[in-house]
Amino acid sequence: MTPKQEEQREKAIERSNGFCAVCGRPLKNGQMQYAHKIGNTETNRKLYGSFFIDSTYNGELVCSLACNATVDVGKSKGKILDTLADILLKEMKDFRGE
């Protein structure tokens, strides 16, 4: 796991408070998954840039493959754009220290 991937997971753990971001079930150690909103693929990196794909706001911790699939916005251009805007706004707040 890369340092950036570790950071993504650490931030997701902080946000989750130990519960699945989709269904709210408690996350069990060893069963939780990091679900990317915009998939970590070479194509998406070319389209949207590593800044967005590697952002700690581009994913959530979930409890199962079914919940993982729910987080993925890759099939909707509108949802992708909403996610990109959301990531940018959150990263800007972090940069400003808000």
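The values are calculated or read from the model by the stated rules, or taken from the named source; none is laboratory data. Predicted, not measured: the structure shown is a model, and the values here were computed from it. Note that we place each Cβ from the backbone using ideal geometry, even for glycine, and neighbour counts take in every protein chain shown. The accessibility values were calculated without ligands, DNA or RNA, using every heavy atom of the protein model including side chains. Shrake-Rupley method; radii C 1.70, N 1.55, O 1.52, S 1.80 Å.
Per-structure values
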quantity: Members of region 27-54 found to be of a type in the set (Lys, Arg) and surrounded by fewer than 16 Cβ atoms within 10 Å (Cβ to Cβ), listed by number; calculated: Lys28, Lys46
quantity: Filter pass, Asn17 being open to solvent by 60 Å² or more (accessible area, probe 1.4 Å) and in contact (Cβ under 8 Å) with a residue 12 or more places away in the chain; calculated: no
